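The values are calculated or read from the model by the stated rules, or taken from the named source; none is laboratory data. Values in this document were obtained by computation on a predicted structure and should not be read as measured data. Note that we place each Cβ from the backbone using ideal geometry, even for glycine, and neighbour counts take in every protein chain shown.
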Amino acid sequence: MINVSNATKRYGDRVLYQGASFLVRQGDKIGLVGPNGAGKSTIFKVIVGDEHLDDGTVTVDPGVLVGYFDQNIGEMAGRSALAECMAGAGKVSEIGLELAKMEERMGRFGEEPMEDDEMMKFMERFGELQMEFQSRGGYDLESRAQAILTGLGIGPDTYNHPVESFSGGWKMRIALGQILLLNPDVLLIDEPTNHLDIEAIIWLEEWLKGFKGAVVMTSHDREFMNRICGRTVEIANKQITTYSGNYDFYVKDREIRREQQIAAFKRQQDQLAKEEDFIAKFAARASHAAQVQSRVKKLDKIERLDMPPETKKLSFDFAPAPRSGNDVVKLESVAKEYPLPEGGVKKVFSGISGMVMRQNKIAITGVNGAGKSTLLKCVTGDVKETSGKATLGASVNMGYFSQYSCDLLSPENTVWDEVSNRLPAASIGYLRNLLGTFMFSGDDIEKKIRMLSGGEKSRVMLACILATPVNFLVLDEPTNHLDIDSRETLLNALKEFEGTVMIVSHDRYFLKSIVNRVFEIDHGEMRIYEGNYDYYLEKTAHKHHH
């Protein structure tokens, strides 16, 4: 359906890819992977025609409708969420309008008859449009829009609210809803899970599994990609490579291919060395001149293999923290409520009691708005509980990360300033290694904070927190802006961490890998599950439609 062939794309003097090709076939579900900045989003823009290749071609089969969701949502105003979602259905809405006009014209056949051949054409066109309207789901557009918005967490109580009243993250969901409603033949989605909570992610996963068209998507959520995508396309080192399996398969297969490339490279090097020896040895002898010449020619013709680039495995050593007491946090009937502007109060939760013990790695779970972040803030002391109390135990040194932590960085400082100011005793080597672990190398460390993306700021902040001697980490969505490799780094660091962790995250792969207890907030109360994240999912299976 889409054929990218022999594509070369440059950005200034940087080559993103050269002579690269890949195919999207009917019903393909493809995960697009590769390091940040390798050109994943650019390939989407090239397919939809927002950007052009320097060389090569992109062909989209005639009649194929492509839907593209990216993080940059345009202006949204003046309509309800539901109307906005339906307006995004593009072609279907247009066909609907055209059909309505034609039906209105048919009503006037009596007083304004048509010539026979004109009538033939008219009816033929009407039939074609009706067929297309039906196949694109035009007749149940509104009910589909409602179902999609509800699945994405915007239910009947809010879908008639004006779009302006939604925050950026919720507008993102409306924009995603538009593309799903479009029901295109090929769906290009860039990072769909970034602004979603776990319920919406699970709903979207089911929707995409049932989707009849082809999907090409990027995602930092490994579980999500594994469950949907049967093929993986990697953009890295100026090449585009297709793997015939999901993300886990790709990771294994990439290693195997890499080892084969290294072996082939070494074989060739040995062979070249032998040839060069022969040439050097006999170059001066007239009797061997012809042989030497033919070997020189042969050598020039050989396509030289490159040593495949390192896939950096990053590891990170924690600053050793003094051991805390066994009781890290004591929660005694903690309750929190906020006064509402129109009077009255909003109760977030009440009667929350439990103990956080040394070396617990606890996931705080619950639906959006259940109060997960609020509970973490009661623990860190950033929010004062309305009643009850949360007490930290003896010799607990806490590190707290939330999406607002990044506001603590000074915009005019460089990455290096921020990290070295917080760790005055560390050696230059240690700091360089620390920054390298969080993907800042070379000139990156001289960048000013104000120039950084959200993901880069998060990485600086995590580096600062993890490098200070703490024994209790409170992490609110630490993976939100991180790509798969950075998540992996953080994950491995947390596995090694000797202290205690409380974490809110919608990355299931992450939670499954580290959590050993779960605190679930549900309708203002807390339930404790004494087991890992899989145990929790099993116990609550009736609530999660997996």
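Within segment 240-256, the only residue that satisfies the criterion of being more than 20 Å from the chain's Cα centre (by Cα), in contact (Cβ under 8 Å) with a residue 12 or more places away in the chain and surrounded by 14 or more Cβ atoms within 10 Å (Cβ to Cβ) is Arg254. Checking each residue in segment 128-144 for being assigned to a helix (DSSP H, G or I), in contact (Cβ under 8 Å) with a residue 12 or more places away in the chain and not small (Gly, Ala, Ser) picks out Leu129, Gln130, Glu132, Phe133, Leu141, Glu142, Arg144. From the list Val251, Val296, the lone residue that is of a type in the set (Val, Ile, Thr), modelled with pLDDT of 85 or more, part of a helix (DSSP H, G or I) and within 30 Å of Glu498 (Cα to Cα) is Val251.
Within segment 54-101, being touching a strand residue (DSSP E or B) at 6+ places or on another chain (Cβ under 7 Å) and outside any loop (DSSP other than H, G, I, E, B) holds for Asp55, Gly56, Thr57, Val58, Thr59, Val60, Val66, Gly67, Tyr68, Phe69, Ser80. Can you say whether Pro62 is in contact (Cβ under 8 Å) with a residue 60 or more places away in the chain, more than 22 Å from Ala175 (Cβ to Cβ) and not β-branched (Val, Ile, Thr), as far as the supplied structure shows? Judged against the criteria, Pro62 is not a match.
Put simply, of Ala147, Ala175 the only residue that is without any contact (Cβ under 8 Å) to a residue 24 or more places away in the chain and not assigned by TED's automatic domain parsing to the domain that holds Asn368 is Ala147. Looking at segment 403-439, which of the residues that are among the small types (Gly, Ala, Ser) and either modelled with pLDDT of 90 or more or assigned to a helix (DSSP H, G or I) (or both) is surrounded by the most Cβ atoms within 10 Å (Cβ to Cβ)? Applying the filter and picking the extreme gives Ser405.
Residues of segment 36-53 that are touching a strand residue (DSSP E or B) at 6+ places or on another chain (Cβ under 6 Å) and assigned to a loop (DSSP other than H, G, I, E, B): Ala38, Gly39, Leu53.
Within segment 453-475, the residues that satisfy the criterion of being within 24 Å of Pro35 (Cβ to Cβ), at pLDDT 85 or above and in contact with a helix residue (DSSP H, G or I) (Cβ under 7 Å, 6 or more places away or on another chain) are Lys457, Ser458, Arg459, Val460, Met461, Leu462, Ala463, Cys464.
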